[in-house]
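The values are calculated or read from the model by the stated rules, or taken from the named source; none is laboratory data. It should be emphasised that the depicted structure is a prediction, and the values quoted were computed from it without experimental measurement. All Cβ positions, even for glycine, are placed from backbone atoms using ideal geometry, and neighbour counts span all protein chains on display.
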Amino acid sequence: MDMVGSLERVLTDARSLVNSASTDDLAAQTPCSDWNVAALIEHMTNVVKNFGNGFSGDAMAPPAAPATAAANSEAVSAEYGQAVDRLVAAIKAPGALDKTLKLAFGEMPGQRAVGIAMADQLVHTWDLAKALGKPYTMDETLATMVLRWMHELIAANPGARGRAFAAEVPCAEDAPIQDRLVAFSGRQP
């Protein structure tokens with residue numbers, strides 16, 4: 001699978017939804033119980049910026065908690081777009097996926113970092129679509145891959161539940177992959 005192209009596809013979908021949010025939409029509640037749309041987009045932007053930093057050779061840190069300052073849709077859209085452009089340029093650089101990124105909790109191979117960025121943005125794009133009342137269907141191949149990675153991540157780091165992911169919600173094993181992914185990440189499909 002083309003990791004760079006896959007992440008770029010996820011970021012393109014996310015960017016489209018971010019760009020569609022009006023300033024009035026920014027106050028809407030999201031499936032992430034502590035965040036409204038503005039906070040969700042700020043989190044998404046911070047994650048993309050952080051991975052852009054890592055792939056550019058700059059220091060990475062855990063994304064900051066979203067601020068409570070008022071925002072307007074043009075500003076959040078522009079900031080997300082700039083972060084996406086920087087990350088995409090950085091991961092397209094020769095040898096980018098062969099790098100080892102230094103995170104606050106340890107080192108991570110570039111391929112895995114792309115997977116984590118993809119998982120974060122894919123699930124949060126679903127959150128954003130729900131909050132905006134817009135249709136969104138994940139690419140089944142990407143959703144399958146991300147769900148597999150998330151299962152591996154939780155198996156290797158059980159403490160991630162409660163920090164990075166809410167408790168899994170029940171979902172039928174034969175449900176569409178998108179539903180199984182969002183349920184695994186603690187959202188009601």
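Remarks
- Selection of the stretch 132-143 for residues being assigned to a helix (DSSP H, G or I), more than 19 Å from TYR80 (Cβ to Cβ) and in contact (Cβ under 8 Å) with a residue 40 or more places away in the chain yields THR141, LEU142.
Okay, residues lined up against (1) surrounded by fewer than 17 Cβ atoms within 10 Å (Cβ to Cβ); (2) in contact with a Ser or Thr (Cβ under 6 Å, 6 or more places away or on another chain); (3) in a strand (DSSP E or B):
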{"position": "PHE51", "(1), (2), (3)": "no, no, no"}
{"position": "ALA71", "(1), (2), (3)": "no, no, no"}
{"position": "ALA83", "(1), (2), (3)": "no, yes, no"}
{"position": "LEU101", "(1), (2), (3)": "no, no, yes"}
{"position": "GLY115", "(1), (2), (3)": "no, no, no"}
{"position": "LYS130", "(1), (2), (3)": "no, no, no"}
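- The residue pairs whose first member lies in the stretch 81-107 and is among the β-branched types (Val, Ile, Thr), whose second member is assigned to a strand (DSSP E or B), and whose beta carbons are closer than 8 Å, counting only pairs six or more residues apart or on different chains, are THR100/GLU107; THR100/MET108; THR100/PRO109.
- TRP149 being within 20 Å of ARG9 (Cα to Cα), in a helix (DSSP H, G or I), at pLDDT 95 or above and aromatic (Phe, Trp, Tyr): no
- Residue within the stretch 55-68 that is of a type outside the set (S, T, N, Q), assigned to a helix (DSSP H, G or I) and within 26 Å of ASP2 (Cβ to Cβ) present: yes
- Count of the stretch 130-141 residues which are touching a helix residue (DSSP H, G or I) at 6+ places or on another chain (Cβ under 6 Å) and under 23 Å from GLY5 (Cβ atoms): 3
- Checking ILE154 against (1) β-branched (Val, Ile, Thr); (2) over 24 Å from PRO31 (Cβ atoms); (3) in contact with a strand residue (DSSP E or B) (Cβ under 8 Å, 6 or more places away or on another chain), the condition it does not meet: (2)
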